[in-house]
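Only one structure is covered here, and it is reproduced in the block below.
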Amino acid sequence: MGEEISMKYVLEKLREKGKEMGTDDWMIFVLDKLKEWLVVLQNFGGSLIAKVDEAFPPETRAEQLKHWLQVAKPFIIAGMVLVICLGCCRRCCGGRRAVKMMKAPGRGYRMPRSVFEGNPKSYFRRLHGKPTDELL
C-alpha cells in the first residue's frame, strides 16, 4: 500500500487537520478515513479467500478436508480430554485456597483453624454445654 494506515498515522493527521477544520469538515474527514479502512478490510478478506482457494482448490476441497480431519482427529480428541481433565482438576483442587486445619480441642477430629480462632469462647461454651453424642 502506498499510504501507511495505522492508528498513529490517523491520529497525527487528525491533529493536523483539527486545527483548521469545523464540525462538518471533521465528520467528512472521519467518514473518509472509515471508508479507507473498509477498503483495506475488503482487500484483506479477498486475499484471504484467494489463499484458501489456492491451498484447497474447490475441485478437491472435500477430499483434502476429510483427509486433514482424519489426520487431526487424534490431536483434537487428546486436546479435548486434556481440557476436560484440567477443568475437573481445577474445580476439585485448584479453585480453593488451602484451609489450615487443627485438631479440635476436646474432640477426636480436625476442624478449620479459622472457625476456632474466630470465637474460641463460643466454641468451648458449645463444647461443655452439650453431651459428646450431639457434637459428632
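The values are calculated or read from the model by the stated rules, or taken from the named source; none is laboratory data. All figures in this text were calculated on a predicted structure; none of them were measured in a lab. Note that each Cβ is placed from the backbone with ideal geometry, even for glycine, and that neighbours are counted across all protein chains shown. Side chains included, ligands, DNA and RNA excluded: accessible areas come from the protein's heavy atoms. Shrake-Rupley method; radii C 1.70, N 1.55, O 1.52, S 1.80 Å.
Worth a mention:
- Checking each residue of the stretch 94-105 against the condition of being over 30 Å from Asn119 (Cα atoms) and either touching a Cys at 6+ places or on another chain (Cβ under 7 Å) or in a loop (DSSP other than H, G, I, E, B) (or both) gives no match.
- Of the residues making up the stretch 56-72, just one is at pLDDT below 90 and β-branched (Val, Ile, Thr), namely Thr60.
- Looking across the stretch 66-121, the residues that are over 30 Å from Phe56 (Cβ atoms) and among the polar types (S, T, N, Q) come down to Ser114, Asn119.
- Test: residue in the stretch 109-118 that is touching a helix residue (DSSP H, G or I) at 6+ places or on another chain (Cβ under 8 Å) and surrounded by 10 or more Cβ atoms within 10 Å (Cβ to Cβ): yes
Matching residues to (1) at pLDDT below 85; (2) outside any helix (DSSP H, G or I); (3) within 30 Å of His128 (Cα to Cα):
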position: Leu11; (1), (2), (3): yes, no, no
position: Leu14; (1), (2), (3): yes, no, no
position: Asp24; (1), (2), (3): yes, no, no
position: Val39; (1), (2), (3): no, no, no
position: Glu54; (1), (2), (3): no, no, no
position: Pro74; (1), (2), (3): no, no, no
position: Arg91; (1), (2), (3): yes, no, no
position: Arg107; (1), (2), (3): yes, yes, yes
position: Phe116; (1), (2), (3): no, no, yes
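- Qualifying residue in the stretch 79-88 (condition: in a helix (DSSP H, G or I), without any contact (Cβ under 8 Å) to a residue 12 or more places away in the chain, under 30 Å from Pro112 (Cα atoms) and open to solvent by 90 Å² or more (accessible area, probe 1.4 Å)): yes
- Test: residue in the stretch 56-68 that is surrounded by 11 or more Cβ atoms within 10 Å (Cβ to Cβ) and of a type in the set (Asp, Glu): no
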